[in-house]
Amino acid sequence: MKRCALLLLAAASCLYGVVALASTRPHYGGTLRLAVREAPISLYPADPSQSDSPVMRSLYRLIFDTLVILDARGLPQPGLAVSWQADPGNQRWQFAIRHGVSFQDGIAVSPDAVAGSLRAANPNWKIFAAGEGIVIECDAPTANLPAILALPRYGIAKRTGGKLIGSGPFAVKQWDPGKKLSLAAREDYWAGRAFVDAIEIEMGKTFRDQILEFDLGKADVVEVAPDQARRLAAEGRGIRSSAAAEWMGLVFRDDLRPDLSRDEAPDGQSTVEKLRTALAFSIDRDSMNNVLLQGGGEPAGALLPNWMTGYAFLFPTAADMQRAQLTRGEVPQAPAWSLSYDVSDPLARVIAERVVLNARDAGLRLQAVSSATADVSLLRVPLASLDAEVALTNLAAKLGLPQPKFDGDPPAALYAAENALLQSQRIIPLLYLRPAVAVRANVRDWTEDQVGEWDLQTVWMETEKP
Amino acid sequence: MPKATQPAVYNSRNLGMVMPFSSRRFRSLWMIAILLPAAFSFGQNWSGPAEQLAGKIVAVMGTQAITVEVSNRSSLAAASADEIRRGLLTQLAVHGARFASAQQAAASVQVSLSENLQSYVWVAEVRQGTNAPAVVMVSFPRAASVAVEPAGFAMVLHKVELWSQPERILDVAALEGSPAKMLVLDASGVIAYRLQDGRWQAEQPLPIAHSRPWPRDLRGRLVLAKDLSAKDRRFDAYLPGVFCRSTSPEAMTCYDGDQAWPIGNDLAGLNASFTASRNYFSGVLSPGVGKQTTVPPFYSAAGLLRDQPPGDKYAVWLFAAVEGQLHLLNGSTDQVVTDAAWGSDIAALHSGCGSGWQVLATGAGDAANDAVRAFELPGRTPVAMSAPLDIGGRVTAMWAESSGAGVVTIMHNSRTGEYEALRLTATCGR
């Protein structure tokens with residue numbers, strides 16, 4: 001009996017040993033070294049020519065504050081603005097600006113400076129300083145303006161002495177456009193000094209170069225291609241993948257071919273729509289994800305992923321080759337479509353090749369090309385925000401779709417808007433990709449949000465113990 | 001999110017106003033918490049959403065004979081999903097729906113219990129004939145989950161949930177008496193809550209003024225003044241570079257200063273200087289442990305009374321140093337404790353079990369959920385006295401109560417995003 005009890009105790013000890021892990025308080029100091037693919041030539045967050053990737057958004061947040069920030073659930077929280085209020089109609093908004101905040105040159109962040117920065121970021125809005133805050137008059141009712149202002153492109157920036165500065169937690173120490181960015185922690189940052197002393201970012205590095213630098217100990221954190229994450233983790237590297245946060249899919253050119261669109265079928269679908277339907281049914285997303293992506297994503301049937309909306313499962317993702325062939329058979333003659341993709345992206349190439357193969361099995365002819373004016377384009381678009389409406393609006397704009405309209409309360413209004421975009425048959429969702437990074441063991445409290453943005457303010461470096 | 005149908009308003013907490021109670025949530029009554037060493041559950045009421053969804057379904061398909069299937073795509077437990085299914089069927093019947101077999105039904109309803117970042121989302125697909133399904137849905141905020149507590153070890157640690165709120169809690173303190181009161185310290189100030197008719201009512205907030213930005217990983221401690229009745233009980237609040245003293249139950253004065261923080265309890269007291277711009281103590285002690293007045297910079301400390309030989313009581317102190325080591329000071333020597341895979345947070349507990357005093361410590365890892373375990377130090381190697389107690393989040397603070405009988409522990413619940421204050425106690429025996 002006693003032996004039995006001891007065995008139970010030992011077993012229970014092992015069980016609880018699993019949870020007997022806990023944290024060490026953050027340490028101050030150290031330099032965090034990153035390597036990234038992005039090679040921006042400007043640090044101006046509202047520069048429309050710059051990438052809107054999670055990496056760039058993460059870097060902007062180090063230098064520039066926004067009026068509002070979104071918490072982990074996508075809810076607006078105070079940033080440079082301590083409070084806000086909309087007039088009835090949600091077209092005119094007032095934001096009270098936080099006191100005691102300074103730009104990196106020590107000059108206080110004033111309502112005038114905030115208004116000037118936002119005017120440059122969005123000329124369509126009328127923005128002016130008013131007392132201790134600012135007023136924004138939008139060109140249309142904008143109920144989710146706080147969430148929009150949380151986008152890094154609305155980071156508050158100021159030019160001084162030919163340099164671009166912000167009020168963020170880090171100051172630019174060295175900037176070699178497209179190559180290297182060195183940042184130093186600000187002691188006087190209003191939300192508390194960051195834990196690391198400095199961040200150094202090597203830019204324009206391929207995935208291959210990055211993992212090489214990681215293995216050589218020259219970088220602490222590097223990006224990892226979604227399809228490589230599983231293999232690199234199996235080799236013992238510390239891999240962190242975020243939620244499915246990058247949409248990948250096919251986008252048809254807006255202008256239908258006249259010779260095809262004229263031929264209306266009895267069921268109301270044009271031949272073009274039938275062919276697009278056949279293509280959508282032919283695609284084997286599970287195989288793409290499991291084989292080509294090595295589980296580095298999720299099959300997509302919608303624009304926004306289920307973790308963001310809760311209803312994406314309503315849009316099917318399973319292939320139905322029989323239905324694809326039947327639908328294709330209703331159209332006597334199908335043209336050959338050209339399919340373009342980013343030739344510099346190896347993942348896009350293999351996905352495009354698989355789309356061509358799936359289409360061929362359904363009796364459709366697709367030809368992968370590098371032309372920008374193809375009939376169909378394979379695109380990758382990162383989700384821009386944790387706010388579902390902002391994310392859908394941004395995604396629609398990037399894909400050249402009409403701007404969604406949200407009438408009513410979420411999630412029904414969101415569903416109606418997204419469903420309308422999908423019913424347009426301009427797009428065929430393929431996959432959601434999971435951004436991933438390799439993180440060295442001495443980098444602690446590395447966190448990224450659901451859309452893949454890094455929180456570099458809370459990272460700290462563990463030093464070797466004596 | 002604000003919608004066009006109503007003016008969208010957000011105002012951050014105004015320190016001059018009473019906090020709206022709805023933004024904070026108490027988990028269990030303090031006095032009940034002290035008396036009952038068991039965690040309280042806080043279930044969610046599903047009847048409202050079930051009624052709402054049933055109404056929408058019936059509005060689409062009328063009172064025809066239907067089949068209903070419910071699938072769970074969310075983090076809800078199977079038991080909750082089953083409860084929801086029963087509730088939904090009841091509400092459908094109340095709204096006039098009739099249930100039939102698949103062969104006899106005029107419509108089928110597929111209900112999916114799903115969720116997104118903020119809410120539960122229940123979706124019903126109503127299929128009638130060969131038409132495309134009609135889709136209706138309801139959503140409502142997600143509630144916190146209930147933690148499971150381990151039991152069955154020689155010395156058992158218990159946790160009782162005291163308070164939770166979205167803002168980071170630095171410390172809480174109880175004021176026994178009638179009515180009972182609770183003080184909650186966070187970055188913006190101290191709020192007193194008074195227990196009235198079984199509910200905590202917020203009193204006037206006492207804001208903390210500070211000239212410098214708070215450091216990250218902000219820490220703070222509340223210390224109650226001794227020998228005062230609950231009615232006019234006063235307190236001190238210690239934060240990095242700021243010291244506050246309540247001059248009356250309704251007023252508090254703060255000023256910049258590096259007052260040493262009390263880091264022990266009534267039985268083993270010690271003061272230590274806190275580094276104003278960081279998250280650790282500088283290592284300067286007052287009055288000191290015996291002759292020892294400095295240690296390496298540290299995050300937390302625990303003072304243990306020893307009675308060896310019997311009648312010769314003295315205190316030894318453990319310090320969880322910033323450099324990762326654990327230092328044991330006995331008044332004359334500074335020894336490094338070996339084989340202690342502890343985290344940064346430790347606190348003393350006067351349980352009466354074993355030697356009478358234990359150290360509660362987090363472990364040294366990087367998990368989302370911390371565990372706390374009780375140890376004794378007969379020599380330089382810690383001996384575990386309890387099983388690890390899963391805290392349910394990452395510990396951000398541990399402070400010994402002035403009586404020594406409990407340890408107030410603050411943790412960040414990554415599932416809910418809220419900060420929760422717990423009281424840890426121990427019971428002896430298996």
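Annotations
- Options B:SER246, B:SER282: the member that is crowded, with 17+ Cβ neighbours inside 10 Å, in a strand (DSSP E or B) and free of Cβ contacts under 8 Å to residues at least 24 places away in the same chain: B:SER282
- Leading residue by the ranking (nearest to the other protein chains (Cβ to nearest Cβ)) among those in segment A:101-138 that are of a type in the set (D, E, K, R) and touching a residue at least 40 places away in the same chain (Cβ under 8 Å): A:GLU137
Residue by residue, here is whether (1) modelled with pLDDT of 90 or more; (2) out of contact with any helix residue (DSSP H, G or I) (no Cβ under 9 Å at 6 or more places or on another chain); (3) within 14 Å of another protein chain (Cβ to nearest Cβ); (4) within 23 Å of A:THR309 (Cα to Cα) holds:
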| site | (1), (2), (3), (4) |
| --- | --- |
| B:ALA50 | yes, no, no, yes |
| B:GLN104 | no, yes, no, no |
| B:VAL111 | yes, no, yes, yes |
| B:TYR120 | yes, no, yes, yes |
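- Leading residue by the ranking (surrounded by the fewest Cβ atoms within 10 Å (Cβ to Cβ)) among those in segment B:352-373 that are modelled with pLDDT of 90 or more and more than 12 Å from chain A (Cβ to nearest Cβ): B:VAL359
- Residue in segment A:365-388 that is β-branched (Val, Ile, Thr) and in a loop (DSSP other than H, G, I, E, B) present: yes
- Residue check, B:GLY269 under 24 Å from the mean Cα position of the chain (by Cα) and either part of a loop (DSSP other than H, G, I, E, B) or under 30 Å from B:GLY331 (Cα atoms) (or both): no
- Residues (charged (D, E, K, R), modelled with pLDDT of 90 or more and in a loop (DSSP other than H, G, I, E, B)) located in segment B:148-183: B:GLU167, B:ARG168
- When residues of segment B:390-407 are limited to those that are more than 14 Å from the chain's Cα centre (by Cα) and more than 23 Å from B:VAL336 (Cβ to Cβ), the one farthest from the other protein chains (Cβ to nearest Cβ): B:SER403
- Selection count, segment A:367-386, where residues are more than 14 Å from A:VAL251 (Cβ to Cβ), buried (at least 18 other Cβ atoms within 10 Å of the Cβ) and out of contact with any Gly (no Cβ under 9 Å at 6 or more places or on another chain): 2
- Enumeration of residues in segment A:166-207 that are assigned to a strand (DSSP E or B), away from chain B (no Cβ under 14 Å) and surrounded by fewer than 22 Cβ atoms within 10 Å (Cβ to Cβ): A:ALA171, A:VAL172, A:LYS173, A:GLN174, A:TRP175, A:ASP176, A:LYS180, A:SER182, A:ALA184, A:ALA198, A:GLU200, A:GLU202
Listed here are the residues, each with its yes/no results for (1) free of Cβ contacts under 8 Å to residues at least 24 places away in the same chain; (2) among the polar types (S, T, N, Q); (3) touching an Asp or Glu at 6+ places or on another chain (Cβ under 9 Å).
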site	(1), (2), (3)
B:ASN330	no, yes, no
B:ILE346	no, no, no
B:SER351	no, yes, no
B:ALA371	yes, no, yes
B:ASP390	no, no, yes
B:ALA397	no, no, yes
B:GLY404	no, no, yes
B:CYS428	no, no, no
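- Selected residue (criterion: farthest from A:LEU32 (Cα to Cα)) from residues of segment A:149-165 that are β-branched (Val, Ile, Thr) and surrounded by 16 or more Cβ atoms within 10 Å (Cβ to Cβ): A:ILE156
- Candidate set from segment A:304-339 (those that are of a type in the set (Gly, Ala, Ser) and over 25 Å from B:GLN110 (Cα atoms)); member that is nearest to the chain's Cα centre (by Cα): A:SER338
- Hits in segment A:332-366 (condition: surrounded by 21 or more Cβ atoms within 10 Å (Cβ to Cβ) and either more than 30 Å from A:GLU38 (Cβ to Cβ) or touching a Phe, Trp or Tyr at 6+ places or on another chain (Cβ under 8 Å) (or both)): A:TRP337, A:ILE351, A:ALA352, A:ASN358, A:ALA359, A:ALA362, A:LEU364, A:LEU366
The values are calculated or read from the model by the stated rules, or taken from the named source; none is laboratory data. Please read these numbers as outputs of a predicted model, since none were measured by experiment. When we count neighbours, we look across all protein chains shown, and the Cβ atoms used for this are built from the backbone with ideal geometry, even at glycine.
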